[in-house]
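Asks: Pasting a structure here, questions to come.
The values are calculated or read from the model by the stated rules, or taken from the named source; none is laboratory data. Just so we're clear, the structure is a prediction, and the values are computed from it rather than from any experiment. Please note: Cβ atoms are built from the backbone with ideal geometry, for glycine as well, and neighbour counts cover all protein chains shown. The protein model used for the area step is the full one, side chains on, heavy atoms only, and it has no ligands, DNA or RNA in it. Shrake-Rupley method; radii C 1.70, N 1.55, O 1.52, S 1.80 Å.
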Amino acid sequence: MRNLKLLRTLEFRDIQAPGKPQCFSLRTEQGTVLIGSERGLIEVDPVTREVKNEIPLVAEGFLPEDGSGCIVGIQDLLDQESVCVATASGDVILCNLGTHQLECVGSVSSGISVMSWSPDQELVLLATGQQTLIMMTRDFEPIMEQQIHQDDFGESKFVTVGWGKKETQFHGSEGRQAAFQMQLHESALPWDDHRPRVTWRGDGQFFAVSVVCPETGARKVRVWNREFALQSTSEPVAGLGPALAWKPSGSLIASTQDKPNQQDVVFFEKNGLLHGHFTLPFFKDEVKVNDLLWNADSSVLAVWLEDLQREEHSALKTYVQLWTIGNYHWYLKQSLPFSTSGKSKIVSLMWDPVTPYRLHILCQGWHYLCYDWHWTTDRSSGDNSSDLANVAVIDGNRVLVTVFRQTVIPPPMCTYRLLLPHPANQVMFFAHPTKSNDLAVLDASNQISVYKCGDSPSVDPTVKLGAVGGNGFKVALRTPHLEKRYTIQFENSEDQEVNPLKFSLLTWIEEDIFLAISHSQSSSQSVIHHLTMVPSEMDEEQGQLNVSSSVTVDGIIISMCCSPKTKSVAVQLVDGQILKYLWESPSLTVEPWKNPGGFPVQFPYPCTQIELAMIGGEECVLGLTDRCRFFINDTEVASNITSFAVYDDFLLLTTHSHTCQCFPLRDASLKTLQAGLCSNHTSNGEVLRKVERGSRIVTVVPQDTKLILQMPRGNLEVVHHRALVLTQIRKWLDKLMFKEAFECMRKLRINLNLIHDHNPKVFLENVETFIRQIDSVNHINLFFTELKEEDVTKTMYPPPVNSSIQLSRDTSEKKLDLICDAMRAAMENINPHKYCLSILTSHVKKTTPELEIVLQKVHELQENAPSVPDAVSAEEALKYLLLLVDVNELYDHSLGTYDFDLVLMVAEKSQKDPKEYLPFLNTLKKMETNYQRFTIDKHLKRFEKAIGHLSKCGPEYFPECLNLIKDKNLYKEALKLYPPNSQQYQAISIAYGEHLVQEQLHEPAGLVFARCGAHSKALSAFLTCGSWQQALCVAAQLDLTKDQLADLGRTLAGKLVQQRKYSDAAIVLEQYAQDYEEAVLLLLEGAAWEEALRLVYKYNRLDIIETNIKPSILEAQKNYMAFLDSETAIFSRHKNRLLVVRELKEQAPQAHLDEEVTHGQESDLFSETSSVVSGSEMSGRYSHSNSRISARSSKNRRKAERKKHSLKEGSPQEDLALLEALSEVVQSTEKLKDEVHRLLKMLFLFEFDEQGRELQTAFEGALQLMERSLPEIWTLAYQQNSTTPVLGPNSTANSIMASYQQQKTPVPVLDAEIFIPPKMDRTQWKLSLLE
């Protein structure tokens, strides 16, 4: 759906040269043109407009002096710096353009009619006057000469396998008579010059020759290969013309055919068979086709036609038409009419071999023209819903318009077509935001037809409906009507005759003003013209476009674009420079376009498509080159873009990687766009989507979600890009247009939760509006069923960065419950009967489905059926409910309502067998109400409710109730059902207590027993758990005798001693067993010296001080001294060994290290005897009853048994084991501070100053030794090793290898704590009195 847009025109008028031009060739590297005349050769530079070389051939005798000579071919030889010229008289001349030296490399006495070089310039073919073909090498050595007429078909002759005769085969629409028609061999066309034509395939492997057969007098096409072997001969074609052109891509050979009522361009395959055609827009015998030319990329076929003389003195014209194919339809894209009289008659034309869309034309009056076209999509540029997303396609004198807002019609069909008197060359839509559907068409006669949308008084005959027409089809489309045709008034009438495309890049900018560009004929300048509409004096229906003002610009303008929003006009020069045209200012000035930094913008390469867009609040110029490089201002953003479009606040692009990307521009920057296009994957799924290979953007439907793409073949595809869809949905939701948003989301499978999550507050406030707009029970139900607790704006559809609408919803209440309750209230308010099913759905969809309420409502419907017309019956409601909820679950819930009518109603709708449920229901009906409900709840496993109903059935059912309570462990619930002073309450409590005892929860059991008055059971429970205060409280309530209480006290004291609670045991013995002596002994054993002294003085037994307290204190002092000596020795030994081990590890070779690493994991298997011995060696020596050291040593022993690392010398990871042992020694010594402080006080009190000082000095020495050694043992390197472990989740292969190379043993993360030095508190433990 693209048209050819004229980018630039290069003219060189009145070239100063002798004679008349006959043919020309291009020197692509030098950018010059070689023109041959009857006098010789000249080389001109069309850019600087000067003659560079002149080589006369008359003087050398190669051309006759009388001017009758003719040059039949010119070829620039790239590698020889020479030009090969062939003359009709038979000379092949090599001209050196540098030295002007001429060399005749060959001569044919019969003359030469055609010289044709192969595309690779390795071979040259000459057609001679004796009807022969001569093939030579590039060095002009003859390879072979063959007759131009051959009787043989060629090597590719078809083989008949005998599948029936022609007469018996099917002939389609032509009918059976086609089988018996004799093939008529018509002679060549009257205007045929009978000269042979030669054309090469693009790869140079084959060439085709069109000649007039001497036997039949008709044209034939023969295909030869590079080795000069005949391949095939064309089938007989009546009226075959002389023009011949082989498509460079190699598939088809184009020629022409005169048919009874029309003239066609026909295509041959390599095997000589016809393959397709298209009809030229002329009557029979109206024109002749002089030549056909394919452009370099095979996309455009140029047809050079000339009017045939029909009437005397009639003005004859020559036409150059450019045809393209899309979706198997041939479009006439450009038509250039030239006069055949005087200077403007075409002599020759040629496509540029390097630039695909550049056409060179040479006219008789030494007038050279060069046109540059490129593809463009002509689309309307409005951004509101009134814009119909029109795309116009030129097809000769028809403009095919497709309205994508209403229908997507694949080309070559269209919504409507505009019929014009002359072939169209350019289409432009009005650059006005609200009138963007109006369009103007420039045709080949330089008339502009203006079509406007709106009410037309009558049917416009020039507007015909396309694919949307037909019988009985009502058109909901307002087609435009022809307002007026305007003729462009040229300042110089000769301009139009000499250059039919005088004006290019027309832009409709105001209601009555067009902008147009023309290029200077004599210099590198362009002129911007203002064409103003004025009524014609001669004809009311016709108007005129006068050039009201012009602005000259230095440089060649190749593109222009206008922004409908800002009215800015940007023009691009051929060097990529961007200028801003201030067309609204009185001075009409042109100034450089500046980027946000204030520097002029210049594209590094000229762009074939430019657009204006607002990016981050700044208006920028976007450009795309023909090499897929995409620029924003002067920054290259990407190099793989195949097409782009700016829509609203979005930039849409298609890429070579077959993706379509959509970027929001409002808060974008060049860096973010560049980053988004460079990354292969995008975090936000809205931006990128895959498309079919080769897709290009045609248009975007404004205020809609449709993006139209065209495939390379020409067919269309509509995609709804996620970014466009979500933006449009958000706009609709903001405007409370719920219906449009819902329909779009339903169709495009967008999660319906977005309706609420986009703005929860607004939705809940407008629930009634939502329901009234949707107005469909099914659609409301669909909305309910898609609801989920997840907030889709945080997961599936994150809002744009700049969005401030999204409000955090209140998380105290569940989203589902909020929506269900709000919508149900609204539906009940609007019409509860109509929305009955939706109301039921709102109950079911809550986080805890309210099935009982739903069933109750269905039951109400059954009992009182409403008489309203749109009401729902109970049966319909139940049937619908069974779709939402599992039938067994519904049956159970109906049973739970204790309503047997409801149960039967649900059961009948289910697949259950009546034999299953009827006996059960009948049994239930016979029971007493409470017992019946108990049975139902027990059946439904609702045991809590079951015991509630059973408790109301009377005392005779209590044993059954108690068994159920015990069975289902419902003690707490059951206790709430009975008064605390009842027998049942006591029985349940005792059962509960016994259950807790079985679970080994003796203290809670004792509390339960105590509460219900079972004191003996409570005492037993408290005794078991050692809760001596509670046990004695319960014992007091049992009224025990003094002896029993004393026995109980001794028993309790024994248990407390086992638990090493010496102080508690002493209290019990003293207060309840009146045995203070034993109490004192227990206190001494627990090292509670001060409490023991209190009891001694309380009972005035000072003798115990001498007999027990003092010996105990002294023994404790000895034990501490021995323990400190032992710990100090162990500490010093381990510390020294650690230093040795570290030194050995530093010196160990790498091989040993590797071995250690390999076996390090097996260290758990090695003997741990040494570590166990070292840890428990001293603990067994000091176990006197009046010291707590024995408890600590047993703890250390258990720790040692759990050690992972072995202290055995030479074992792997011995250093870790030593660190662990040293840490334990420090910690155990640190914990003695409080005990030593209490002991020191006693030693001072009883005048054991020497022993006290000895202990204080020894303990202080041990602590100082350890404190001094900490930095030496736990060095900084080892601590760092712990913070960044070699192994673990954050390590890499490289980091582990590096650690091995540094000869460090890798440490598992679990051992990291070993490397942290133990803390030593500076608490005051010393007794200053002993210093």
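Asks: I'd like the accessible area for residue 1238, computed on protein heavy atoms only with a 1.4 Å probe and all protein chains in place. Round to 10 Å², please.
Replies: 90 Å²
Asks: Per DSSP helix of 4 or more residues, -39500 (n - 2.57); summed, then divided by the residues of the chain. What does that give at 222 nm, rounded to the nearest 500? Before the final figure, lay out the partial values.
Replies: Details: 36 runs with 421 residues, N = 1331.
Counting only the DSSP helices, I get -9500 deg cm²/dmol.
Asks: How would you order 1001-1010, 829-838 from highest to lowest mean count of nearby Cβ atoms within 10 Å? Spell out each step's value before the answer.
Replies: On the way: 1001-1010: 20.7, 829-838: 17.7.
The densest-packed peptide leads the list: 1001-1010, 829-838.
Asks: How big is the range 389-474 by Rg and Dmax over its Cα atoms, in Å?
Replies: 12.8, 39
Asks: Another question about this same structure. Of the listed peptides 413-422, 864-873, 1081-1090, what is their order by residue-averaged count of other C-beta atoms within 10 Å, with the highest listed first? Could the numbers behind the result be given before it?
Replies: Details: 413-422: 19.7, 864-873: 12.3, 1081-1090: 21.2.
Those peptides, ordered most packed to least, come out 1081-1090, 413-422, 864-873.
Asks: Lysines within cross-link reach of residue 1208: Cα-Cα under 30 Å, excluding same-chain residues under 8 positions apart?
Replies: Within the straight-line limit of under 30 Å, residue 1208 reaches these lysines: 1135, 1145, 1195, 1199, 1231, 1304, 1319.
Asks: Find how many whole Å separate the alpha carbon centroid of the range 999-1062 from the alpha carbon centroid of the range 739-785.
Replies: 68 Å
Asks: Right, something else. Compute the Cα gyration tensor for the range 229-307, then decide on rounded, prolate or oblate, letting a ≥ b ≥ c be the square roots of its eigenvalues: rounded whenever a/c is under 1.5, prolate when a/b is larger than b/c in the other cases, and oblate in all that remain.
Replies: Numbers: a/c = 2.12, a/b = 1.29, b/c = 1.64.
Judged from the Cα gyration tensor, the range 229-307 comes out oblate (a/c at least 1.5, b/c at or above a/b).
Asks: Let me ask something additional. Solvent-accessible area of residue 5, probe 1.4 Å, all protein chains present, reported in Å² to the nearest ten, please.
Replies: We get 40 Å² for residue 5.
Asks: Here's a follow-up. Normalised by the number of residues in the range 663-756, what is the relative contact order in percent for Cα pairs under 8 Å and 6+ residues apart? Write out the running numbers ahead of the final one.
Replies: Numbers: 82 pairs, mean separation 14.7, N = 94.
Result for the range 663-756 is 16 percent.
Asks: Additional query: Compute the acute angle (0 to 90°) between the alpha-carbon long axis of helix 1249-1273 and the principal axis of greatest extent of the alpha-carbon atoms of the chain; round to the nearest 10°.
Replies: The angle comes out near 10 degrees.
Asks: Just by accessible area at a 1.4 angstrom probe, what is the order of 662, 1033 from largest to smallest? Write down the numbers at each step before the final one.
Replies: Values: 662 0, 1033 75 Å².
Sorted descending by solvent-accessible area, the residues read 1033, 662.
Asks: Could I ask something else about it? How big, in percent, is the set of alpha carbon pairs in the range 743-877 lying more than 25 Å apart? Display every interim value, and only then the final one.
Replies: Numbers: 2672 of 9045 pairs.
In whole percent, the share of Cα-Cα pairs in the range 743-877 beyond 25 Å is 30.
Asks: Turning to a different aspect of this structure: May I ask you to list the trypsin sites (Lys or Arg not before Pro) in the range 584-675 that are in a DSSP loop and have at most 10 other Cβ atoms within 10 Å of their Cβ? Don't skip to the end; give the middle numbers.
Replies: Numbers: sites: 594, 627, 629, 666, 671; in loops: 627, 629, 666.
For trypsin sites (Lys or Arg not before Pro) across the range 584-675 that sit outside H, G, I, E and B with at most 10 neighbouring Cβ atoms in 10 Å, the list reads 627.
Asks: Counting other Cβ atoms within 10 Å, keep those with at most 13, restrict to DSSP loop, and tell me which GluC sites (Glu not before Pro) in the range 813-851 are left. All intermediate terms of the calculation are to be shown ahead of the outcome.
Replies: Numbers: sites: 813, 828, 850; in loops: 813, 850.
For GluC sites (Glu not before Pro) across the range 813-851 that sit outside H, G, I, E and B with at most 13 neighbouring Cβ atoms in 10 Å, the list reads 813.
Asks: Ordering 1125, 120 by how much accessible area each has at a 1.4 Å probe, largest first, what is the list? All intermediate terms of the calculation are to be shown ahead of the outcome.
Replies: Values: 1125 95, 120 65 Å².
The residues order as 1125, 120, largest area first.
Asks: Go through (1) 100, 81, 69; (2) 120, 68, 62; (3) 163, 98, 82 and flag the label whose value is the computed Cα extents along the principal axes in Å for this structure.
Replies: Of the listed options (1) 100, 81, 69; (2) 120, 68, 62; (3) 163, 98, 82, (3) comes from this structure.
Asks: In whole Å, how far is the Cα centre of the range 211-252 from that of the range 445-459?
Replies: 47 Å
Asks: Suppose a student asked you for the relative contact order of the chain, using Cα pairs under 8 Å spaced at least 6 residues apart; what percent would you report? Write out the running numbers ahead of the final one.
Replies: Details: 2399 pairs, mean separation 51.3, N = 1331.
That works out to 4 percent.
Asks: Another question about this same structure. Go through 824, 1060 and list them by solvent-accessible area, largest first, probe radius 1.4 Å. Mind dumping the intermediate values first?
Replies: On the way: 824 30, 1060 145 Å².
Result, largest first: 1060, 824.
Asks: Here is a follow-up. Which shape class applies to the range 595-661: rounded if a/c is under 1.5, otherwise prolate when a/b exceeds b/c and oblate if not, where a ≥ b ≥ c are the square roots of the Cα gyration tensor eigenvalues? Mind dumping the intermediate values first?
Replies: Working: a/c = 2.23, a/b = 1.30, b/c = 1.71.
It comes out oblate by the Cα gyration axes.
Asks: About the Cα centre, and with charges only on the beta carbon of Lys, Arg (+1) and Asp, Glu (-1), how big is the dipole of the range 478-621? Nearest 20 debye, please. Intermediate values should be presented prior to the final figure.
Replies: Values: 8 positive and 19 negative charges, 115 e Å.
My answer is approximately 560 debye.
Asks: Determine which lysines satisfy two conditions relative to residue 502: a Cα distance under 20 Å, and not lying fewer than 8 residues away in the same chain.
Replies: Straight-line reach from residue 502, under 20 Å: 5, 317, 333, 343, 345.
Asks: Provide the solvent-accessible area of residue 1328, counting protein heavy atoms only and rolling a 1.4 Å probe, rounded to the nearest 10 Å².
Replies: Near enough 90 Å² of accessible area.
Asks: Still on this structure, I have one more. Where q = 0.12, 0.14 Å⁻¹, what log10 of I(q)/I(0) comes from the Debye formula for the range 1-149, counting one point per Cα?
Replies: Relative scattering, expressed as log10 I(q)/I(0), comes to -0.53, -0.70.
Asks: Give, in nm to one decimal, the length gained when the segment between residue 1097 and residue 1041 is fully stretched (0.36 nm per residue of separation minus the Cα-Cα distance). Walk me through the numbers before you get to the answer.
Replies: Numbers: separation 56, 0.36 × 56 = 20.16 nm, distance 2.90 nm.
Difference between extended and current length: 17.3 nm.
Asks: Pairs to check: 739/857; 761/846; 941/968. Give those whose C-alpha atoms are more than 21 Å from each other in this structure.
Replies: Details: 739/857 29 Å; 761/846 19 Å; 941/968 10 Å.
Result: 739/857 exceed 21 Å.
Asks: Same structure, new question: Which lysines does residue 435 reach when only Cα atoms under 20 Å apart count, and residues fewer than 8 places away in its own chain are ignored?
Replies: Candidates past the 8-residue exclusion: 452, 484, 565, 567.
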